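A short worksheet on the structure shown next.
Computed from the coordinates by the stated procedures, all read-outs in this text should not be read as laboratory data. Not measured: the values here are computed from a predicted model. Neighbour counts run over all protein chains shown; Cβ positions are idealised from the backbone, glycine included.
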Amino acid sequence: MTMAATMNLGLGSNSWDIDMYETLGSASHSYATASQTTLSSGLKKLELAWDLRTLSVRLSRFLDNLYEAMNKVDAGKGQAQSATPEQVEQAVRSLEYLYEILNRLCCTAKQRGLTNQSLMAGSLKTIMRRSEELLDFADWLHAVVANRPEKLDAIYASGRAELAEGAVYDLSSVG
């Protein structure tokens, strides 16, 4: 499943690049607005709130498309496309870079007290949560490239078998 999922994501394709760089551009713009603009006027606050809302929607759409592509592969409906290891590594770097910008945006927003603004708090919370998902996804892609796909497929198959047998563990009792 793992290597097939990476192939179905369209890494390196025009649609992947468009989605990635639109999201990256929106994140950069929001970060610049949040960090450089004096938010003393209501109009500037509304503009930033709109930018954050746009970024939140774009980021959610980007991740939802990734999950949809992975679910298609898991259900056996996806079409494998050829992605080279270099394209996967580039995708990982892009995802990590996007996470960095989103993390800086969220830290700046906290420092400036924007998380208490009712117009911005919901979008910022979504951006924070979804940015962590981006980092998890980048880590997963990196693991796929770094490890042999057969080894990862065996781990996932073992986990699915344990789940089917009912061998579920409560993580709060571990540690």
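A few points about this structure:
- Sorting Arg58, Arg129 by the number of Cβ atoms found within 10 Å of their own Cβ, with the fewest placed first, yields Arg129, Arg58.
- Panel order for Thr126, Thr115, by other beta carbons found within 10 Å of each beta carbon, from fewest to most: Thr115, Thr126.
- Length gained on full extension, Arg129 to Lys45: 28.0 nm, using 0.36 nm per residue less the C-alpha separation.
- Separation of the Asn14 and Asn65 label points, Cα + 7 Å toward Cβ, nm: 1.3
- Glu165-Cys107 FRET efficiency (beta carbon distance; Förster radius 35 Å; 0.05 resolution): 0.20
- With the highest mean first, a sort of the peptides 105-111, 65-71, 158-164 on other beta-carbon atoms found within 10 angstrom per residue produces 105-111, 65-71, 158-164.
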